[in-house]
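Working notes for the structure below.
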There are 2 protein chains.
Amino acid sequence: MAEQKKMVEAITPMEEDFAKWYTDIVKKAELMDYTSVRGCMVIEPYGWAIWENIQHILDTTFKELGHENVSMPMFIPESLLNKEKDHVQGFAPEVAWVTMGGNEKLQERMCVRPTSETLFCDHYAKVIQSWRDLPKLYNQWCSVVRWEKTTRPFLRSVEFHWQEGHTMHETPEEAKAETEQMLKVYADFCENDLAMPVIKGRKTDKEKFAGAEATYTIEAMMHDGKALQSGTSHYFGDGFAKAFDVTFQGRDNSSCHPFQTSWGMSTRIIGGIIMTHGDNNGLVLPPAIAPIQVIILPIAQHKPGVLDKAHELRERLKKNFRVKIDESEQSPGWKFAQYEMKGVPLRLEIGPKDMEKNQCVLVRRNDREKTFVDLDNLEAAITEQLEAVRQGIYDKALARRESMTYSATSMDELKDIADSKPGFIKAMWCGDEACEEKLKEVAGVSSRCMPFEQEHISDTCVCCGKPAKSMVYWGKAY
Amino acid sequence: MAEQKKMVEAITPMEEDFAKWYTDIVKKAELMDYTSVRGCMVIEPYGWAIWENIQHILDTTFKELGHENVSMPMFIPESLLNKEKDHVQGFAPEVAWVTMGGNEKLQERMCVRPTSETLFCDHYAKVIQSWRDLPKLYNQWCSVVRWEKTTRPFLRSVEFHWQEGHTMHETPEEAKAETEQMLKVYADFCENDLAMPVIKGRKTDKEKFAGAEATYTIEAMMHDGKALQSGTSHYFGDGFAKAFDVTFQGRDNSSCHPFQTSWGMSTRIIGGIIMTHGDNNGLVLPPAIAPIQVIILPIAQHKPGVLDKAHELRERLKKNFRVKIDESEQSPGWKFAQYEMKGVPLRLEIGPKDMEKNQCVLVRRNDREKTFVDLDNLEAAITEQLEAVRQGIYDKALARRESMTYSATSMDELKDIADSKPGFIKAMWCGDEACEEKLKEVAGVSSRCMPFEQEHISDTCVCCGKPAKSMVYWGKAY
């Protein structure tokens, strides 16, 4: 099929140039477009529909767990940003500053929010009075701005979309439980809905969020063996609460500071979906978030009754699935390639011969497996095949991660693996930041996380040989 | 009931001070909070839930009509803003300028979008090639910034949330039809879902959007007789397309410019809901967008079985309605006042005596009308009572508007009405901007719109006495 070949050739194979493969996909699947605004992108309808599906699933879960959505201002006055020392040091170098309003110079400049801990604290200081007001479980969906030097679609951009949850609790235990709960929400969402296996763990102090006591993370492995930090959840203790003078009257009438968390997942995850599941024919979308779950392609559509039948199926299926029909004059080969490019999980072919047999053909995007399905049984078959896509891409991603995860017990071994094999390296660590820096310097890897599921690789730190405190996943990251 | 009295006293009566009544409600119903960010507010959970309900209804309609959501950057480089002359003159004086990124001064400053015509055109120039690519029907939900000097919660703030639709069409007729269609969507939404009667019409050239050929508007009357522009829809012709070099190959292979529209509705509408339906006991919410449609209040809740019954009803009703139960230790009087303040359309009371009779009591927020309802018939009764609330508040608002709308045939008469009676004034106009300015100067009123439903008030312009071209609604506006 010439047309199919031609379209497929338009994507650079990932083995040849992974970065080019990635940008080919985001452009050709029409997820985004570049703009004349430095480091900012247009998210096009197909890309935004993916994000809307992600939002819907996460937002429903957040609300089921008692969270409420709010909207904070997009600006932070400089004096407010300055209130928590570690936080401002972390973020001030990478914010965009508004200095003029209309024709007037502002008395105090404001940054566009890079994250909103400061704004939430400013508000919480006003609305929290008593232990009865706790917990406060707020979330917002918005975009934030970080003045990144090098940008890549979805993975790193000056403006990006996310949700940021900010909660306040009466006790450290409650706040820590919230931090862990939300990390689990992200991990379950990635594994169940996005079919992305993730490693749950804690960040080292070097890698944690500016101002946090502890940062938890889920780390996913991309096709090229690099890690993508896919969601984080932070425990702040009462550090911000003290800096912002957030107090409440405790059960014993004493004045207390509440304990705080924040947690976020961003449009970056769309980059993660592409680099976990995509192949040389294009995008492969997990069914839960695919804007089109089933594309109906009429075969020999000029033959009598074919288009009518295709429309009949669309009307029937749209009650349960996100379904679209392509009855354009393009050839079947062009259409096959087009919807493979767009990552649609299932293709439904219906032609005159199928109609005679009261059947249709379902073809899975991930492995092109064909199934002939009795039309009387179509809904159940589609549900089953969508689940087969989900399971298939999950298993493949997990097998890849396992085959690309290594252990090292010495610096030489670690460096050798890091130099020759892309992937994750499990190695022991003494807990000393100097060793972490040395691994970066010598082997070019950073700590991804101290996984919750610890393993014993050796007794001593892979770098300094002192007694080890924890097993760490090391790797290169986006 | 002392507690009820006490809470109600906390709202300034609207007859005493309408502005104070308004801000009392937005604060006491917990819709928003002020911030330390100039002119920006926190939209609190109850206020944001109203906006989410508005978003859901409008977004569903937009999509049914074939529109697709996208996301454009929040920044506009100065050179891009400058491309359409009328547009930049209209907006440049009221934008916030980003001049620094991190520690570096930007080579070209960027404004935070006050509206996104320029960004959409920049993108459309790239993605529109052929007539086959038209129409493009894009929309985005976002916040925008206008450097307003005087701000009021929801009605006028530096940052506000809205949706902005931006569409491109092959012909002027198609674009005009879209403009009219979207104005009708807004009008139907206001009348059916928000129970707000509106007047549909066209803005005069003086009042139209910067850069538009024609602006259409829906105007609602508030309690105090002032107008609120509640949604607008603009026809641009091909002016922006020419300025931004958006071209397509037409059906005859010639190079053409497409014809453009934009349309928006914002969080301002929440201010409109308050000032249309609210009363001296607080907010009154239209059922379609009320975060809580039915508040269940157990009466004598310490009596055996009452709380269980209340919970049973909640579980049963939540399948069809947004329902909440308040089983706190506050007195019934306090709770009555609290949920009246919050504008919950229906209160459901259930106590031991009701249980004996297998009934409950439904009380409407708007007129406190009580209905005793057989529990076997509860869902139908609630649906009926919610509709009665909607119809009741719509009728009341319409009757008020009618009683506060006057006609004038001379300048003296118009000035007399404008000075003594709040409301709308219908009067004829010659179409000359000088007369429009004189009405403002002499009577303090501006043209609200030239309504689609024209009436004949007199033959000549109320101001200059020349032959009249159209009947105009005049009034004071938010």
> Pairs, please: C-beta under 7 Å, at least 6 apart or cross-chain, first residue at the interface with chain A (Cβ under 7 Å from one of its Cβ atoms) and in the range B:41-53, second assigned to a helix (DSSP H, G or I)?
Replying inline: B:Val42/A:His123; B:Ile43/B:Trp51
> Any idea which of (1) more than 11 Å from every other protein chain (Cβ to nearest Cβ); (2) buried (at least 17 other Cβ atoms within 10 Å of the Cβ); (3) over 22 Å from the mean Cα position of the chain (by Cα) is the one A:Gln129 doesn't satisfy?
Replying inline: (2)
> Is it the case that A:Ser410 is surrounded by fewer than 18 Cβ atoms within 10 Å (Cβ to Cβ), free of Cβ contacts under 8 Å to residues at least 60 places away in the same chain and closer than 18 Å to A:Met221 by Cβ?
Replying inline: no
>> If I ask for residues that are in a strand (DSSP E or B) and more than 9 Å from every other protein chain (Cβ to nearest Cβ), which ones from the range A:85-107 would you list?
In response: A:Lys105, A:Gln107
> When residues of the range B:29-40 are filtered for being within 20 Å of B:Gly278 (Cα to Cα), without any contact (Cβ under 8 Å) to a residue 60 or more places away in the chain and assigned to a loop (DSSP other than H, G, I, E, B), how many remain?
Replying inline: 0
>> Looking only at residues that are over 26 Å from the mean Cα position of the chain (by Cα) and hydroxyl-bearing (Ser, Thr, Tyr) in the range A:423-478, which one is farthest from A:Lys200 (Cα to Cα)?
In response: A:Thr460
> Which ones in the range A:146-157 are of a type outside the set (Ser, Thr, Tyr) and free of Cβ contacts under 8 Å to residues at least 24 places away in the same chain?
Replying inline: A:Lys149
>> I'd like the residue in the range A:64-84 that is farther than 26 Å from B:Arg146 by Cβ, more than 7 Å from chain B (Cβ to nearest Cβ) and of a type in the set (D, E, K, R) and, out of all such residues, is farthest from the chain's Cα centre (by Cα).
In response: A:Lys83
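Looking only at the range A:124-165, which residues are in contact with a His (Cβ under 9 Å, 6 or more places away or on another chain) and of a type outside the set (A, V, I, L, M, F, W, C)?
Scanning the range A:124-165 gives A:Tyr124, A:Pro135, A:Lys136, A:Tyr138, A:Asn139, A:Gln140, A:Ser143, A:Gly165.
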> If you check A:Val344, A:Val361, which single one turns out to be more than 27 Å from A:Ser157 (Cα to Cα) and not in a helix (DSSP H, G or I)?
Replying inline: A:Val361
> Just for the range A:108-124: of the residues that are touching a residue at least 40 places away in the same chain (Cβ under 8 Å) and either of a type in the set (D, E, K, R) or over 20 Å from A:Ser71 (Cα atoms) (or both), which one is nearest to the other protein chains (Cβ to nearest Cβ)?
Replying inline: A:Asp122
> Which residues, counting only those in the range A:292-308, are surrounded by fewer than 20 Cβ atoms within 10 Å (Cβ to Cβ), touching a residue at least 24 places away in the same chain (Cβ under 8 Å) and not in a loop (DSSP other than H, G, I, E, B)?
Replying inline: A:Val306
>> Being of a type in the set (Gly, Ala, Ser) and at pLDDT below 95 is true for just one of A:Gly333, A:Gly351, A:Gly343. Which residue is that?
In response: A:Gly333
>> Quick test for you: out of A:Glu9, A:Glu64, pick the one residue that is at pLDDT 95 or above, closer than 28 Å to A:Gln293 by Cβ, out of contact with any Gly (no Cβ under 7 Å at 6 or more places or on another chain) and surrounded by fewer than 17 Cβ atoms within 10 Å (Cβ to Cβ).
In response: A:Glu64
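For (1) in contact (Cβ under 8 Å) with a residue 40 or more places away in the chain; (2) charged (D, E, K, R), each residue gets a yes or a no:
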residue: B:His311; (1), (2): no, no
residue: B:Arg314; (1), (2): no, yes
residue: B:Ser328; (1), (2): no, no
residue: B:Gln338; (1), (2): yes, no
residue: B:Met341; (1), (2): yes, no
residue: B:Val344; (1), (2): yes, no
residue: B:Gly351; (1), (2): yes, no
residue: B:Val363; (1), (2): no, no
>> I need a count of the residues in the range B:257-291 that are assigned to a strand (DSSP E or B), over 30 Å from B:Tyr124 (Cβ atoms) and in contact with a strand residue (DSSP E or B) (Cβ under 7 Å, 6 or more places away or on another chain).
In response: 0
>> Please verify whether A:Thr115 is in a loop (DSSP other than H, G, I, E, B) and modelled with pLDDT of 95 or more, treating the condition exactly as stated.
In response: yes
>> For the range B:196-248, give me the residue count where each residue is over 30 Å from B:Ile289 (Cα atoms) and either basic (Lys, Arg) or out of contact with any Ser or Thr (no Cβ under 7 Å at 6 or more places or on another chain) (or both).
In response: 17
> Does B:Trp21 count as closer than 27 Å to A:Val112 by Cβ and outside any loop (DSSP other than H, G, I, E, B)?
Replying inline: no
> Right, B:Lys342: among the charged types (D, E, K, R), within 30 Å of B:Ala468 (Cβ to Cβ) and in contact with a strand residue (DSSP E or B) (Cβ under 8 Å, 6 or more places away or on another chain) or not?
Replying inline: no
> How many residues are facing chain B (nearest Cβ under 8 Å) and touching a Ser or Thr at 6+ places or on another chain (Cβ under 6 Å) if we restrict to the range A:10-39?
Replying inline: 0
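Being farther than 30 Å from A:Arg400 by Cα and either at pLDDT below 95 or assigned to a loop (DSSP other than H, G, I, E, B) (or both) is the requirement here; does A:Asp245 meet it?
In short, yes.
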> Mind checking which residues of the range A:132-145 are over 16 Å from A:Ser262 (Cα atoms), more than 9 Å from every other protein chain (Cβ to nearest Cβ) and in contact (Cβ under 8 Å) with a residue 12 or more places away in the chain?
Replying inline: A:Asp133
> Where in the range A:373-443 are the helices (runs of 4 or more DSSP H), entirely inside, with at least 3 residues that are among the small types (Gly, Ala, Ser)?
Replying inline: A:378-403
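Hey, among the residues in the range A:54-63 that are touching a residue at least 40 places away in the same chain (Cβ under 8 Å) and not aromatic (Phe, Trp, Tyr), which one's nearest to the other protein chains (Cβ to nearest Cβ)?
First, pick out the residues of the range A:54-63 that are touching a residue at least 40 places away in the same chain (Cβ under 8 Å): A:54-55, A:57-59, A:61-62.
If we keep only those that are not aromatic (Phe, Trp, Tyr) as well, we get A:54-55, A:57-59, A:61.
Values: A:Ile54: 13, A:Gln55: 11, A:Ile57: 16, A:Leu58: 14, A:Asp59: 9, A:Thr61: 16 Å.
Result: A:Asp59.
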> Here are some residues: B:Val127, B:Val198, B:Val185. Which one is within 30 Å of B:Val26 (Cβ to Cβ), aliphatic (A, V, I, L, M) and without any contact (Cβ under 8 Å) to a residue 40 or more places away in the chain?
Replying inline: B:Val198
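The values are calculated or read from the model by the stated rules, or taken from the named source; none is laboratory data. If you're wondering where the values come from, they're calculated on a predicted model, not measured in any experiment. Neighbour counts are summed over all protein chains in view; Cβ atoms, including those assigned to glycine, are modelled from backbone coordinates with ideal geometry.
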